[in-house]
Structures are given as structure tokens and as C-alpha cells.
1. Please arrange A:102, B:178 by how many other C-beta atoms lie within 10 Å of their C-beta, fewest to most.
2. Say R0 is 60 Å: what FRET efficiency, to the nearest 0.05, do residue B:220 and residue A:12 get from their beta-carbon distance?
3. What whole number of Å gives the distance from the Cα centroid of segment B:159-210 to the Cα centroid of segment B:103-150?
4. Can you give the helix-only mean residue ellipticity at 222 nm for chain A, where every DSSP H stretch with n ≥ 4 adds -39500 (n - 2.57) and the sum goes over all residues, rounded to the nearest 500 deg cm²/dmol?
5. Select from B:154, B:206, B:111 the residue whose mean-square fluctuation is largest in a Gaussian network model of chain B (Cα-Cα springs shorter than 10 Å).
6. How do the peptides B:141-151, C:417-427, A:219-229 rank, highest first, by the average count of neighbouring beta carbon atoms within 10 Å per residue?
7. List the relative contact order of chain B as a percent without decimals, with contacts defined as Cα pairs under 8 Å and 6+ residues apart.
8. Please state the shape class of the protein assembly as shown: rounded when a/c is under 1.5, otherwise prolate if a/b exceeds b/c and oblate if not, all from the C-alpha gyration tensor.
């Protein structure tokens with residue numbers, strides 16, 4: 001049970017202001033999700049042959065330079081790193097799976113929050129304001145950003161249990177609602193090789209989409225299948241490397257508002273999260289339909 | 001006229017001030033600026049006030065209204081005018097789901113579209129929507145009338161009791177126990193009156209009427225699939 | 001089967017006579033069995049718990065002389081006017097419609113005499129019950145039958161009902177026989193039709209949206225009165241946490257023994273968890289959030305005597321609510337109506353067809369002649385007497401455990417007779433230190 005916000009830029013006009021525009025949106029959803037908050041930001045894309053991991057160590061003094069060096073020599077490839085508080089972004093000129101395996105073998109305490117060529121996920125227990133200032137979000141640049149504030153229902157209030165969830169390359173999902181068939185679905189997906197880190201229902205939805213995409217579904221097909229296979233109440237906002245999608249279940253009890261201008265598409269659980277966006281007064285504002293998905297993709 | 005700016009006043013202070021008018025009206029006209037999607041604006045009013053909200057409002061705007069005339073110059077969130085007893089609530093933009101839910105009386109006019117469950121469990125209110133309405137509208141509607149100048153979504157009037165539903169456009173599907181009915185003279189007169197009251201310029205003869213088949217009023221085993 | 005003739009006949013435990021009778025009934029009618037009352041199956045209950053009275057290591061209080069406080073303040077988290085009840089036994093929500101106006105009045109009278117609260121139900125507030133109830137909790141239900149802002153502002157507290165123990169996740173059903181002119185007009189329904197109540201609220205779903213709804217109710221009532229959230233006991237640990245996050249002043253947890261006016265038998269008997277199992281979950285959730293005693297916990301479902309009251313308090317409740325027991329105190333199932341019960345195919349002590357509206361005791365009916373059988377003044381006194389006994393019994397037990405306040409009872413004052421009750425109530429099996437499922 002939660003608040004969702006998302007901002008997808010249709011052109012480069014607000015690219016340098018992405019974090020600044022996003023900050024008040026997430027804060028506006030504080031009441032809907034006082035337990036934890038998080039976001040996935042897309043941009044700063046790495047080139048062909050490179051992969052980007054967002055990793056976190058609970059010990060802020062962790063030596064990322066050393067980890068990068070070790071990784072570089074083990075994988076025999078170039079590794080660059082930057083850090084932001086307790087999170088680091090590792091850019092690896094090598095294979096994602098090899099990098100993941102190497103990390104989990106050598107540094108089991110380091111948690112991989114996201115992997116891909118563009119995505120970076122940051123999340124934390126506590127109020128949105130805390131995470132926004134901790135990671136200095138207002139200075140962030142990028143193409144799209146999806147955020148979440150969580151009111152935990154059945155799984156624990158932890159950093160790992162916070163949204164967004166990412167179970168596939170450059171994929172992230174945030175959820176408002178409550179799924180009712182996630183436990184059995186999780187077991188099925190585990191047998192398909194999807195790895196889960198929590199008991200959270202929303203992570204199952206993310207894992208499900210990752211699995212469908214792996215099977216060769218387009219995002220549209222994956223969402224169509226999701227409508228059939230996911231039971232319960234949900235509003236999802238989904239990010240991919242180039243795309244942004246919003247979907248509601250057939251009953252559509254959980255709220256969602258969309259706003260679109262020439263320059264952006266914005267989504268929020270409540271309109272009050274959109275009021276600070278530039279040109280919102282003249283935006284097309286509407287409520288997404290039940291059992292319908294809305295996809296924007298950069299071609 | 002009194003103006004309350006919600007960037008400097010809280011919704012709580014605003015509502016408190018509006019409630020003070022219940023015993024005797026000293027200030028009839030109120031303008032609310034910068035609502036910015038705030039929830040619960042102008043709820044529980046109990047006096048003949050004119051309240052103008054200059055922008056978008058959040059959930060439950062004008063909830064449980066009595067007597068007051070509330071106009072929202074923008075969109076509203078869930079449950080606008082929920083459980084309204086009397087008065088008029090007019091939304092210039094779109095309304096989210098459950099507009100006019102369980103409302104007992106008064107008039108709700110939505111000049112844009114309304115989302116899902118418009119008029120759910122309505123108990124006597126009149127609702128006029130200039131645009132279209134979403135799915136499951138008028139679910140378990142008990143009494144009053146629902147007028148839709150655009151289209152209606154799926155399962156219109158499911159498990160309907162005695163609401164009079166008039167739709168000008170298409171109906172995606174009718175819910176259990178809701179059927180199309182003849183538009184008799186008395187219905188044209190009623191609809192004409194509702195359109196006039198709402199200030200909507202439409203020809204009543206272009207509407208179709210829907211109502212309860214009254215097959216679910218007492219349990220019959222043959223209807224089990226409809227439950 | 002005592003008959004010698006049948007001594008060699010063996011009844012199936014799986015297909016016993018009651019089961020076969022139900023199969024025949026289903027085949028005859030094509031509709032599930034709808035009835036009133038609560039779960040009738042045997043469940044782990046408070047009878048399986050015992051108090052450790054004071055002896056050498058603890059000192060008892062002198063009965064009747066040394067004070068043992070029973071009053072409780074409910075709803076002081078956000079409300080300007082919390083409620084003080086003199087005894088921690090309140091009357092649970094039961095609707096006018098399900099019950100006669102006289103029965104509702106009697107509940108109000110009885111509760112008021114002893115200084116406790118009573119609660120409306122799915123059908124609105126009647127002038128009789130408001131007039132006779134010094135402290136009245138107004139239920140806010142999915143159907144919103146009879147809901148109006150004037151009554152809301154007249155209430156001493158508002159109880160947002162998400163579910164009840166007899167049917168967590170289910171709606172209600174009031175059959176046509178009970179929809180009289182007055183009930184119909186209060187609910188804006190045609191007379192004589194089956195009235196179905198929704199299982200979800202029409203204008204919000206989930207705790208995040210409930211938080212906004214609670215704000216609305218607070219705004220309408222100018223933050224004066226406490227807001228309760230009532231839930232049926234299922235995933236109680238999580239639900240209580242969410243109720244706190246949504247902004248409740250008081251949480252009411254109704255165990256599966258809780259009664260109903262009309263629900264499917266399959267629902268009553270197969271959904272929910274016993275009251276005894278729900279309390280420790282609720283208390284754990286409150287304690288983890290630092291909200292135990294700050295957000296008060298009212299527990300209901302199968303409470304019958306002062307021992308049950310004291311045991312609920314010991315497990316961490318701030319108060320209890322009674323429904324079925326209060327109706328029995330008024331006269332429900334009284335053997336004095338035995339012949340009438342037999343005439344409608346039931347018997348005193350077994351009557352559960354509250355949905356039918358033919359209650360010989362005049363309680364769960366809208367029939368004017370039957371309703372007259374219940375004198376609201378006399379029945380109110382009976383209820384007051386019963387509430388006094390519950391209070392005195394609970395006090396007796398608390399004093400025996402050395403407590404000057406009912407709320408000073410603790411889980412450590414209890415032991416369990418069975419492994420099941422030890423595991424559910426999270427107290428040790430008598431004579432041991434073993435609490436199943438916990439490390440020690």
C-alpha cells in the first residue's frame with residue numbers, strides 16, 4: 001500500500017532538471033508510504049559491451065576502489081566506479097552475469113540493487129525526504145525516473161523490501177495495491193530461474209515481467225500476460241531502458257493519475273504529486289483505465 | 001467574499017471556518033485558491049454557502065455536503081461529494097472514481113468525465129455527467145438518477161435497485177439485473193428537468209433509459225450465476 | 001444412538017447426520033445456508049487458560065475493599081474528546097434492522113446504566129438508541145445505510161468497519177422478511193427485498209486510501225471524536241499495524257466466534273482465527289510500533305464471563321466488546337419461549353435464524369407483535385446486571401493476582417491447559433515454562 005510517482009521525459013528539455021522536478025513529487029506521497037522510499041533513475045547510459053551495477057554496502061566506509069580493482073582483475077576487464085553515500089555505481093566493460101557471480105562470490109555483503117545499461121536504483125527505510133537528501137537527488141539528471149513510498153502490508157519494512165524492484169536488466173517496477181496469488185507464482189518463477197530477494201508481492205510482479213521479457217515478450221505482450229496471471233489489486237508503473245508504462249488491474253481501485261505535455265509524461269497516485277511540474281496547468285490530465293496499459297517508448 | 005489560500009492556510013483551518021457558518025451564515029461566498037490536489041476540501045458543510053475552488057482537488061472534496069453550493073474549477077480525486085445530503089456540487093473538469101458514492105440527495109454535476117464506480121450505492125442523489133463514466137458505475141444504486149451525456153463503461157448498474165439511469169452514448173455492457181427500459185413521457189420530463197437543473201444543453205429524446213429488472217430482489221436459485 | 005436396536009449401526013465421522021442433512025438441504029434449495037449467531041464449532045478458547053492467583057511470591061488485594069480500577073480511556077491519540085468507559089466491557093455494533101428498535105434501546109439503556117458504550121450497526125442510528133445511550137459509537141460501513149453527517153456529529157466515536165469476525169472479507173445480507181417500512185426508509189430501499197451489503201467500502205480501498213478517509217471523518221467532526229477501525233481477525237498482526245498507520249485511535253479486533261445477523265454458514269465456520277489467537281498478534285504489532293496502550297485495543301468474539309474479560313485484558317486488550325452475550329442477557333434463546341421456538345422448528349438455546357425475523361424473544365425481528373415481547377427498560381436492567389457481573393468477576397480475578405487495575409493483568413499471570421491454547425495465547429503450558437513456538 002503505497003504512493004507511486006514517475007516522470008518520463010519525451011525530449012531533452014528537462015533532462016538536467018529530472019531530479020529537481022522529481023523531488024517534490026516523491027515528498028508529496030509521504031502520507032501514502034511512511035515506511036520506506038526509493039526510486040529508479042535512468043540516464044547516463046553506458047556504451048556497448050558495458051554493464052552498470054548499482055550496489056550497496058551497509059558499511060559506508062567500504063572501499064569501492066579496492067572492490068573495483070579486484071573485480072577488474074578477476075573479470076579481466078575495465079571497471080569504473082562512482083559512489084553516492086552508501087551506494088556505488090560500477091561500470092563494467094564485461095558480461096553482466098559474470099560480474100554478478102563474481103560479486104556474490106567475493107562480496108556477499110554487497111547487495112546488487114539494479115543492473116543494466118542505464119538504470120540506477122536507490123532505496124531506503126524512512127521518509128522520502130530522508131532518502132532524497134541522502135542521495136542528493138535534486139541534482140540528478142536523466143531521461144526518466146520512477147519513485148515509490150511504501151506502507152508495508154505483509155512483508156518486512158527493510159531496505160530490501162522497499163520499491164522499486166528490479167529483477168531484470170534495466171527493468172524496474174513499483175506497485176500500489178496488494179497481490180493475492182504471489183506466493184505460488186513466486187515458486188513457479190523460481191523454478192524458471194528468477195531470483196527473489198524478499199517475500200514481497202511486488203517483487204513477484206517485477207520477476208514475472210522480467211521472466212516474460214526473457215521469454216521474448218515485448219513490453220506490451222508481457223503486460224497483457226500480466227493482466228491474466230496476476231490476481232489482486234494493483235497499479236504498476238514500470239521502467240525499461242527506453243520505456244515507461246502504467247497499468248491498472250481490472251477492478252482498478254488503487255488510484256492513478258497521468259499527465260502529459262509536449263515535454264513529459266508524469267504519473268502519480270494522487271494529483272497533488274504533479275502540481276509542481278512545469279506547465280501542469282495546461283497538461284492533459286487523466287485517469288488511466290482499468291485493465292489497460294499505457295506505454296511510452298523512445299524509438 | 002472571503003478568500004482562503006491553501007498555500008498559507010491548512011485544510012483543517014478552512015473546514016473549521018466553513019463549519020462555523022453552520023449555526024448562522026455571516027459569510028456566504030468563499031473562494032479557495034491553490035487547492036493543488038489537497039484532500040478533504042470543504043467536507044461536512046452544513047449551510048447555504050457558495051464555495052468556489054480554483055483548481056484541482058483531491059479525495060472526498062465536498063464530502064457529506066449539506067445545502068452548500070460547491071464548484072471545483074478543475075479535476076477532483078476519489079469520492080467527490082460522497083454521501084452528499086443536499087446542495088449542489090459542480091466539477092468543471094474530470095472526476096476520479098466513486099464520484100457521488102452513497103450520496104443521499106442534492107445534485108452533482110460533472111462537466112468532464114467521471115471514472116469508475118460513479119454513483120456507486122447512490123441513495124437519492126441526482127448525478128449529471130456531461131462526459132463519459134467508467135466501469136461499475138451505479139453499482140448497487142438504490143435511488144436517485146444518473147444522467148450520462150457521453151458513454152458508460154462496463155457493467156453499468158450492476159445489482160441495481162431503483163436508480164433511474166439515462167445514457168445518451170453507448171453502454172459498453174450492462175451489469176447483472178440492469179436492463180434497457182422504455183423511455184415514457186414521465187421519464188422525458190424527469191430527464192429534461194435534470195438537464196435543465198444541471199445547465200446541460202442536451203435533447204432528452206436522444207437518451208436511453210436503464211433500470212433494474214428486479215430479478216435479484218429476492219433470491220432465486222436460477223439467478224445464482226448473477227451473485 | 002442409545003437405542004439398543006441401533007447398537008451395531010456406526011455413524012460416519014465424515015458424513016455424520018448433520019452433514020447429510022446439510023447436503024439434503026442444499027439439494028432441496030440450491031442456496032447456501034444463511035444464519036445468524038457466530039461460529040458453533042469447537043474452537044480453542046479462553047476456557048483453556050487459567051490465572052496464577054497470588055500466594056507467597058505475590059500478594060492479593062482484599063476483595064471489594066481495596067480498589068481495582070476498571071475504567072478505561074479510549075481514543076486519546078488524536079481526538080479532542082476521548083471516551084471514558086467505567087467498565088472495559090462495551091456493546092458491539094448490531095444494526096437496527098437486524099435487531100428490533102426495542103432491543104437497540106435496551107442495549108443503550110443497559111450500557112448507559114453501567115457507564116459503558118454501545119454501538120450502532122449497518123443501518124444507521126435510531127433516535128431511540130441515541131437517546132438511551134450515554135456513549136454511542138457510530139459505525140461507518142461499506143453500505144453506508146442511513147449514514148448522514150448529522151448523526152456522525154452526534155456520535156461519541158466513529159467506528160470504520162472493515163470486517164467482522166464472523167465473516168472477514170464478506171459483506172452482509174438482510175433478507176426481505178426484515179425489510180419493513182421503517183428499515184427500508186432508513187436504508188433507502190424498496191420494502192421487502194433482500195438487502196445485500198457490500199464487502200468493500202465504495203470510495204476507498206486499502207490503508208493508504210483509508211488514511212485519507214479517516215482524515216475526512218476527522219475534518220467533518222472537527223477532530224472531536226475518536227475514530228476506531230474494526231477488523232475481523234485473520235492476518236491480525238499486519239492488519240493492526242496498518243490500522244495504526246492509517247491513523248486509528250482505537251482498533252477493534254473481532255475473533256471468529258463473533259456473531260452476525262445473517263451470513264453464510266460456510267463463512268461463519270471457516271473463515272478467520274479464534275479470538276484468543278488474535279490478541280497476542282495484535283498486541284505484538286502495537287508493541288513493535290510503540291503504540292500499545294496509546295492506540296487502544298478492543299477485543300470481541302465469544303466473550304461470556306468475567307474470566308474471559310480478565311483473560312483478554314491479561315493478554316493485552318484495553319477493553320472487550322460483547323454482542324451475542326448481550327443478546328442472551330436481554331432474553332435471546334430464553335427457555336421461557338420454548339414452545340414458540342419449537343413452532344418455528346428450533347429450540348431454546350439453539351435458535352440462530354436471526355435472518356428470518358421470527359425471533360420469539362422479540363430481539364432479532366422487525367415484527368411489531370414479537371418486538372413488543374421485549375420491554376426495553378426491563379431488558380436494559382438485565383443487561384446492566386450482566387455487565388456488572390462481568391466487571392465484578394474480572395475484578396475478583398485481578399485482585400487475586402494482586403492488581404489494582406484490570407489493565408495491570410499480564411500474560412505472565414496466565415497459563416494454558418492445552419498445547420494449542422499455549423501456542424495461540426503465547427503463554428506457557430501449566431506447570432512448565434514451555435510456550436510452543438517460542439525459544440526459552
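1. Listed from fewest to most nearby Cβ atoms, that is A:102, B:178.
2. Given R0 = 60 Å and the Cβ-Cβ separation, E is 0.40.
3. About 11 Å separates the Cα centre of segment B:103-150 from the one of segment B:159-210.
4. -7500 deg cm²/dmol
5. B:206
6. Descending packing order for the listed peptides: B:141-151, C:417-427, A:219-229.
7. Once divided by the residue count of chain B, the mean separation gives 10 percent.
8. oblate
Just so you know, all these numbers are worked out from the coordinates, no wet-lab data involved. None of the values given here were measured: they were computed from a predicted structure. Positions of Cβ are backbone-derived with ideal geometry, glycine not excepted, and every protein chain shown enters the neighbour counts.
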